[in-house]
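The values are calculated or read from the model by the stated rules, or taken from the named source; none is laboratory data. Computed from a predicted structure; not experimentally measured. For neighbour counting, all protein chains shown are included, and Cβ atoms are generated from backbone atoms with ideal geometry for every residue, glycine included.
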Amino acid sequence: MKKLFILLVLFSSVLFANIGTVMALKGQAQVQRASGNVDVASGMELLEGDTIVTQSKSRVQVMLKDETVVTVGSKSTFSFDEYSFDGENSKVSMKSSRGFFRSVTGRIGKLAPQRFKVKTASATIGIRGTDFWGITGGESEKVTCNKGAITIEYDGKTIEVGAGRYAIYGPKGIKEGKADSGSAGSGDDAKEGDEEDSEDEESDESSSDTPNPLDEFGSVDVPTEDIADVTQQTLINALEVLEAFGITVNTQDRPVEY
């Protein structure tokens, strides 16, 4: 009986292992998991199999254990289906079911890039040391590569999209093009996935006044006492990434020393 109990504990620790931490939250979002839905909070741990669902005008930013940073935009659904950080045997399988996402790959992108995948409703995205973002869930989907390169598997075909380029794929096939200068998942390139609450959402989506999906984070609080398993260097790296996105982060208990 005692051995059975120990095995159950070990199995549970593996099955529900922490894969990352919510580093920033704006607005409201929920995590859907096997044990039930929970509200997202800064500093909370994420588990393999978790799905983040954001509400209107809300954003969530996650840092995984290998320092991959994932941003989930407004009215979006993003799942962490499989995650293992184990050198060359590492594996990441995530899915963007709808809305906006951005991924800046960490160590796994260097150790095992061929085992890093992001699925959408109609395609699979592979990476090679990459910063990329996408708008998914509609009749057509769009993915833009900021750095490195990505491959997109769609309708039996595989195409490569390099830095500074985008691909739109859907019923009419695949269209490639050059991304706007300075585009990093913002401005006109992201407006299609950044819907705002309105009785006339379609007209709002086409408006040039649609805000940057990352700008609305503004200033957020990160309770560092709740992130005990994140090293100081990792937190510093996270702050640098957030600052690159134009996000100001305030630690509640003490400043981070550089």
Worksheet item: Which residues, taken from the range 91-109, are buried (at least 20 other Cβ atoms within 10 Å of the Cβ) and farther than 18 Å from residue 140 by Cα?
Response: 92, 94, 103, 104, 105, 106, 108, 109
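Among the residues in the range 77-95, are any farther than 20 Å from residue 48 by Cα and in contact with a helix residue (DSSP H, G or I) (Cβ under 7 Å, 6 or more places away or on another chain)? Break it down into steps so the answer makes sense when it comes.
Initial filter on the range 77-95 (farther than 20 Å from residue 48 by Cα): none.
Taking every residue of the range 77-95 in turn, none turns out to be farther than 20 Å from residue 48 by Cα and in contact with a helix residue (DSSP H, G or I) (Cβ under 7 Å, 6 or more places away or on another chain).
Counting only residues that are acidic (Asp, Glu) and modelled with pLDDT of 95 or more, which one in the range 131-159 is surrounded by the fewest Cβ atoms within 10 Å (Cβ to Cβ)?
Just the residues of the range 131-159 that are acidic (Asp, Glu), to begin with: 131, 139, 141, 153, 155.
Now narrow it down to the ones that are modelled with pLDDT of 95 or more: 131, 141, 153.
Values: 131: 22, 141: 24, 153: 16.
If we take residues in the range 131-159 being acidic (Asp, Glu) and modelled with pLDDT of 95 or more, then 153 is surrounded by the fewest Cβ atoms within 10 Å (Cβ to Cβ).
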Discussion item. Which of the numbered conditions does residue 67 fail, given that it passes all the others? Conditions: (1) surrounded by fewer than 22 Cβ atoms within 10 Å (Cβ to Cβ); (2) of a type in the set (D, E, K, R); (3) part of a strand (DSSP E or B).
Written reply: (3)
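Take residue 170 and decide whether it is surrounded by fewer than 18 Cβ atoms within 10 Å (Cβ to Cβ) and farther than 19 Å from residue 100 by Cα. Walk me through it before giving the result.
Working: surrounded by fewer than 18 Cβ atoms within 10 Å (Cβ to Cβ): yes; farther than 19 Å from residue 100 by Cα: no.
In short, no.
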